[in-house]
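Written below as structure tokens is the structure these notes are about.
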Amino acid sequence: MPEIHWDSQLYNEQHRFVSNYGADVLQWLDAKAGEHILDVGCGTGDLAAKIQEAGATVSGVDASADMVELAKREYPTIQFEQKDAAALDYNREFDAVFSNATFHWIENQRGLLRGIYKSLKHGGRLVAEFGGKGNIKSIIDAIETAAKQLGLEHRVISNFWFFPSISHYATLLEASGFETEQMWLFDRPTQLVGEDGMQKWINQFAQHAFVNLNEEEATAVTSLAIEILKPTYFKDGQWTADYRRLRIKAIKK
Ligand code: BEZ
């Protein structure tokens with residue numbers, strides 16, 4: 001996973017849409033009373049709380065201590081723990097594993113799926129949604145173009161996320177012992193909050209791109225990328241990001 005500082009306050013105020021959109025994928029999870037469900041990459045805990053409302057017992061894990069602390073404060077009846085998603089150490093404890101907007105951050109996908117498989121009871125389900133092939137392509141392209149125009153392309157890491165196709169991810173799931181039940185790849189244009197929405201998005205989510213730059217260079221690349229994106233993605237005072245989701249449901253056989 002790239003080195004990212006998760007500012008839970010900024011995330012909560014500016015990027016709450018992550019949980020809001022995530023409510024849709026909960027329909028695929030269809031949590032039942034009495035089930036034990038693991039939320040991998042629980043972030044601020046909002047979706048774990050929704051799963052709990054269905055009567056299930058939820059455990060939430062997140063790599064960020066800051067996020068876990070906020071989730072614990074907001075939802076004290078749910079158990080949250082700081083854990084690396086690619087090194088889960090559960091053993092057949094869960095009826096389902098759920099995850100929203102997390103898998104694209106994880107480099108070690110085999111480790112992730114191995115741990116999830118082991119966490120599930122026999123017949124248990126994995127329901128997850130994350131960035132799929134083509135996700136935020138315009139933002140990645142704009143950062144690359146800006147870096148090139150400023151002569152910084154060799155020091156900018158423009159695409160460090162994992163955005164797989166349906167066939168790629170089905171292969172990974174099946175190699176890990178899962179049976180793929182359903183998979184969708186779909187566009188989900190995502191509105192960002194405020195006139196500085198794209199700048200805040202880049203500052204929060206793409207900071208790893210600039211680890212080899214000084215502050216002035218990072219600001220210059222960000223500003224130019226925003227200029228490149230503006231004619232297409234800023235309309236009527238509102239920024240939109242070109243999100244594409246991969247939504248999956250797979251069963252432990
Ligand atoms: C996403 O949810 O698709 C996403 C969020 C931040 C960075 C990259 C992708």
Alpha-carbon Rg with Dmax, taken over region 43-86, Å: 9.7, 28
Listed pairs K133/K253; K83/K253; K121/K253; K32/K249; K50/K133 exceeding 18 Å between Cα atoms: K133/K253; K83/K253; K50/K133
D (Stokes-Einstein, µm²/s), Kirkwood Cα radius, the chain, 1.306 mPa s at 10 °C: 84 µm²/s
Antiparallel bridge percentage (DSSP; both residues within the chain; nearest 5): 55 percent
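Mind giving me the FRET efficiency for A23 and A175? R0 is 35 Å, r the Cβ-Cβ distance, nearest 0.05 is fine. Present the calculation step by step, with values, prior to reporting the outcome.
Working: r = 31 Å, r/R0 = 0.87.
That pair, A23 with A175, gives E of 0.70.
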Gain on full stretching of the segment that runs from V211 to S165 - 0.36 nm per residue minus C-alpha separation: 13.8 nm
Amide H partners (placed H, <5 Å) of D39, local residues excluded: S59, G60, V61, F98
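Read the figures in this text as sums done on the coordinates, not as results from a lab. Quick caveat, the model's predicted, so the values are computed rather than measured. For neighbour counting, all protein chains shown are included, and Cβ atoms are generated from backbone atoms with ideal geometry for every residue, glycine included.
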